[in-house]
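Contents: one structure, followed by commentary.
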Amino acid sequence: MQTSATTLASDANVRPADAQSVRAPEPGAALTRTAVLLIGIVVAIYAVLMLYPLIRVFEDSFREFVPGRIGSQADAPFTLANYTDLLHPAYASYFWDTFRIGAIASCLGVALAFPLAYFVARRRSDWIRSVTLGFLITLMFLSVLIRVYAIELSFGPVGFARDIAALFGERAGSRFYIQFMVVLGLLHYVVPMSALVLIGTIQNINPRLIEAAQALGAAVWKAHVKVTLPLAARGLLSAFLVSFTLSISAFVIPMVLGRGKIAFVSNLIYNRFSELANFPSGSAVAMVMLVISMTIIFAVSRLASSSRFDGAPR
Amino acid sequence: MKRFTDSLLGLVVLGVSIITVLFLVIPLLMAAVMSFDSREYLGQFPPPGLSTRWYTSFFSDAYYLKGLKVSLLLALTSTCLSTMVGVAAAFTLDRYRFPGREVLSAFFLSPLIVPHVIIGFSLLLFFSSIGLLDGFVRLVLGHLIITVPYVIRTTLASLVGIRKSFMEAALILGATESRAMWKITVPLAKTGIAAGAVFALAYSLDDVSVSLFLTDPNFYTLPVAMTNMMRSQFDLRIASASVLLMIMTIVLIWLLDRIAGLDNVVGQGVYHK
């Protein structure tokens, strides 16, 4: 899965060129009545199933909590309490865990995916390339439940790898080991995804550049550090962005592998609903999370499309 | 010295790649092997004997079977709906020019970046406030909104490559707008549409975070059933369910390869012959 941000960027690259060329070969048609109708239906579906529910959540987040109903009472008084409650350290730790563990997993995931992607991208079209590609795409589609269950079976109390905890000098139930399991779960998700993004990037780097650097006397590692990595910067950044977005909104992975000791913000939202039925508070958490993740996505995609990452050697 | 560091780097990179692949594969194989464990309880690896007891147990459990049935029905229904909606959106976005077009296409893709838990939570609030309590309808609508963007994206990608002049030619030769659409654009874009439908099917079959909010005691999906079981009794029926889901995924990937070609999904790149 690519970020929609990169898709939009590439889309935007195609269109203005069309519009600006003198003879305008592909101008597109003016709206007809059918087209307006079609667009209207789609917009209506999005408005009803996404926009309006989100506005409701926004409104609900300012309502006073009345126990025992789904959603706030229509006439419940407005309050900021749902937000000020979140300043309590107990809540801050959910956010801290989410963003910290998410960042660790995304950085590790991109670092591990790069060599793998390089290996695939530089293969000729042979069976090893097809098998690895098929394998990565299958992994990308694989149900998150299978990953979580497989990792719990392998690294949990009955797994063959349970002794890894002892390597760290930790018990299998310790907070540190549980964090480690959550990172493993996220990695299983993030590595195939990053590898697929990076394969696309590396394939578009001219292999002659590395050969040139080596011919001019650079060692292979130096050629890669000075040539491949800068040219792949944009791809690395967008792989990180995809990984980070997926990691911080992960739900099942921390819920099952975190065993109640590690929980992400998404789990907090679900618990507000399933355990306390406190919808106004859940709404406030959802709003804060929405704003934070949108800001991160916006910032990183702006960074990725800025000219600093053009990759042109200077 | 240069040679030495170079070959060392090569070894390290190869080593890291191999460990990464093993990390991705071995847990899955573990789950597959354990699903054939003959013990009655969840014991340590390796299993002392093999049997298909967990599969028998899975297929005789009404709770899981109900979930499987709802999942399949739901995936088919929501995929049909989201393919129709997504294709309509992509075609109009591609063919017509109007102010706010860029904003609209960003809006149509936005469910991809809004965390799914938030979508699930907001839909739950909304459906409850309007009194929509039927579990299946709620699930279909929830899955519709999270799968449509995939269809829009793959369809848009395939439409970019189609010359507008083909459509103009059909119109000049006297075809009506809709006839030209059905005879020219749809056949040329069918790879993208089909790939989008496969994506939608896969994500619908997999979703937990939206479904968990919208289920009711009568309508729950297989992943929701598995999640509940993982939290209450961690037994090996989940392993057999996982193997079934893995097989479904592999079938979908095979379909995607047949329809679009995996190399086209990723692209071969400029410097690759």
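The values are calculated or read from the model by the stated rules, or taken from the named source; none is laboratory data. Owing to the predicted nature of the structure, the values given are computational and were not obtained by experimental measurement. Heads up, the Cβs are rebuilt from the backbone with ideal geometry, glycines too, and the neighbour counts pull from every protein chain shown.
Out of the residues in the stretch B:89-99 that are free of Cβ contacts under 8 Å to residues at least 12 places away in the same chain and surrounded by fewer than 20 Cβ atoms within 10 Å (Cβ to Cβ), state the one that is farthest from the other protein chains (Cβ to nearest Cβ). Give the derivation first.
The first filter runs over the stretch B:89-99 and keeps only residues free of Cβ contacts under 8 Å to residues at least 12 places away in the same chain, leaving B:92, B:96-99.
So of that shortlist, the ones also surrounded by fewer than 20 Cβ atoms within 10 Å (Cβ to Cβ) come out as B:96-99.
Values: B:Tyr96: 5, B:Arg97: 4, B:Phe98: 5, B:Pro99: 10 Å.
Here the residue is B:Pro99.
Which is surrounded by 15 or more Cβ atoms within 10 Å (Cβ to Cβ) and away from every other protein chain (no Cβ under 12 Å), of B:Ala241, B:Ala194? It would help to see each step written out before you state the result.
Working: B:Ala241 fails: away from every other protein chain (no Cβ under 12 Å).
None of the others qualify; the one that does is B:Ala194.
What's the number of the only condition in (1) more than 22 Å from A:Leu268 (Cα to Cα); (2) assigned to a helix (DSSP H, G or I); (3) at the interface with another protein chain (Cβ under 9 Å from one of its Cβ atoms) that A:Met50 fails to meet?
(1)
Restricting to the stretch A:30-40, what's the tally of residues that are in a helix (DSSP H, G or I) and surrounded by fewer than 15 Cβ atoms within 10 Å (Cβ to Cβ)?
5
Could you give me the residue pairs with C-beta distances under 6 Å whose first residue belongs to the stretch B:150-164 and is assigned to a helix (DSSP H, G or I), whose second residue is among the aromatic types (Phe, Trp, Tyr) wherever it lies, and which are 6+ apart or on separate chains?
Taking only residues 6 or more apart or on different chains, the pairs are B:Tyr150/B:Phe199; B:Ile152/B:Phe108.
When you check B:Ala239 against the structure, is it in contact with a strand residue (DSSP E or B) (Cβ under 9 Å, 6 or more places away or on another chain), in a helix (DSSP H, G or I) and modelled with pLDDT of 85 or more, yes or no?
Answer is yes for this residue.
Residue pairs, Cβ under 7 Å, 6 or more apart or interchain, first in the stretch A:287-314 and modelled with pLDDT of 80 or more, second part of a loop (DSSP other than H, G, I, E, B) and among the β-branched types (Val, Ile, Thr). List them.
Correct list of pairs: A:Leu290/B:Val114; A:Ile297/B:Ile113.
In the stretch B:64-82, what residues are surrounded by fewer than 21 Cβ atoms within 10 Å (Cβ to Cβ) and either facing chain A (nearest Cβ under 10 Å) or of a type outside the set (A, V, I, L, M) (or both)? Quick ask: steps written out before the conclusion?
Filtering the stretch B:64-82 down to residues surrounded by fewer than 21 Cβ atoms within 10 Å (Cβ to Cβ) leaves B:65-66, B:68-69, B:72-73, B:76-77, B:80-81.
B:Lys66, B:Lys69, B:Thr77, B:Cys80, B:Leu81 - these are the residues of the stretch B:64-82 that are surrounded by fewer than 21 Cβ atoms within 10 Å (Cβ to Cβ) and either facing chain A (nearest Cβ under 10 Å) or of a type outside the set (A, V, I, L, M) (or both).
What is the residue count in the stretch B:113-143 for residues that are within 11 Å of A:Met50 (Cα to Cα) and of a type in the set (A, V, I, L, M)?
5
Determine if the stretch B:100-109 includes at least one residue that is surrounded by fewer than 24 Cβ atoms within 10 Å (Cβ to Cβ) and under 17 Å from the mean Cα position of the chain (by Cα).
Yes - at least one qualifying residue is present in the stretch B:100-109.
With (1) assigned to a helix (DSSP H, G or I); (2) closer than 27 Å to A:Phe264 by Cα; (3) at the interface with chain A (Cβ under 9 Å from one of its Cβ atoms); (4) under 24 Å from the mean Cα position of the chain (by Cα) as the list, and B:Val140 as the residue in question, which single condition is left unmet?
For B:Val140, the exception is condition (3).
Mind telling me which of the residues B:Asp37, B:Asp61 ends up being of a type in the set (D, E, K, R) and either without any contact (Cβ under 8 Å) to a residue 60 or more places away in the chain or surrounded by 20 or more Cβ atoms within 10 Å (Cβ to Cβ) (or both)?
Working: B:Asp61 fails: either without any contact (Cβ under 8 Å) to a residue 60 or more places away in the chain or surrounded by 20 or more Cβ atoms within 10 Å (Cβ to Cβ) (or both).
Result of the check over B:Asp37, B:Asp61: B:Asp37.
Out of the stretch B:143-156, which residues are over 14 Å from the mean Cα position of the chain (by Cα) and away from chain A (no Cβ under 11 Å)?
Once the filter is applied, which keeps residues that are over 14 Å from the mean Cα position of the chain (by Cα) and away from chain A (no Cβ under 11 Å), the stretch B:143-156 yields only B:Thr155.
Please name all residue pairs, on different chains or six or more residues apart, with Cβ atoms under 6 Å, provided the first residue is in the stretch B:186-214 and is under 19 Å from A:Leu49 (Cβ atoms) and the second residue is modelled with pLDDT of 90 or more and among the charged types (D, E, K, R).
Cβ pairs passing all conditions: B:Leu214/B:Arg138.
Looking at (1) exposed (fewer than 12 other Cβ atoms within 10 Å of the Cβ); (2) at the interface with chain A (Cβ under 9 Å from one of its Cβ atoms), which one does B:Phe4 not meet, given that it meets all the others?
Looking at each condition in turn, B:Phe4 falls short on (2).
Within the stretch B:20-111, considering only helices (runs of 4 or more DSSP H) that don't extend past its boundaries, which have at least 2 residues that are at pLDDT 90 or above and farther than 30 Å from A:Thr32 by Cβ?
B:62-95
Assuming B:Ser60 fulfils every condition listed in (1) in contact with a helix residue (DSSP H, G or I) (Cβ under 8 Å, 6 or more places away or on another chain); (2) under 17 Å from B:Ala225 (Cα atoms) apart from one, which condition is it?
The number of the failed condition is (1).
Given (1) over 18 Å from A:Trp96 (Cβ atoms); (2) surrounded by 22 or more Cβ atoms within 10 Å (Cβ to Cβ), identify the lone condition not met by A:Leu237.
Status for A:Leu237: all satisfied but (2).
Can you find a residue that is among the aromatic types (Phe, Trp, Tyr) and out of contact with any helix residue (DSSP H, G or I) (no Cβ under 6 Å at 6 or more places or on another chain) anywhere in the stretch B:88-97?
There is at least one residue in the stretch B:88-97 that is among the aromatic types (Phe, Trp, Tyr) and out of contact with any helix residue (DSSP H, G or I) (no Cβ under 6 Å at 6 or more places or on another chain).
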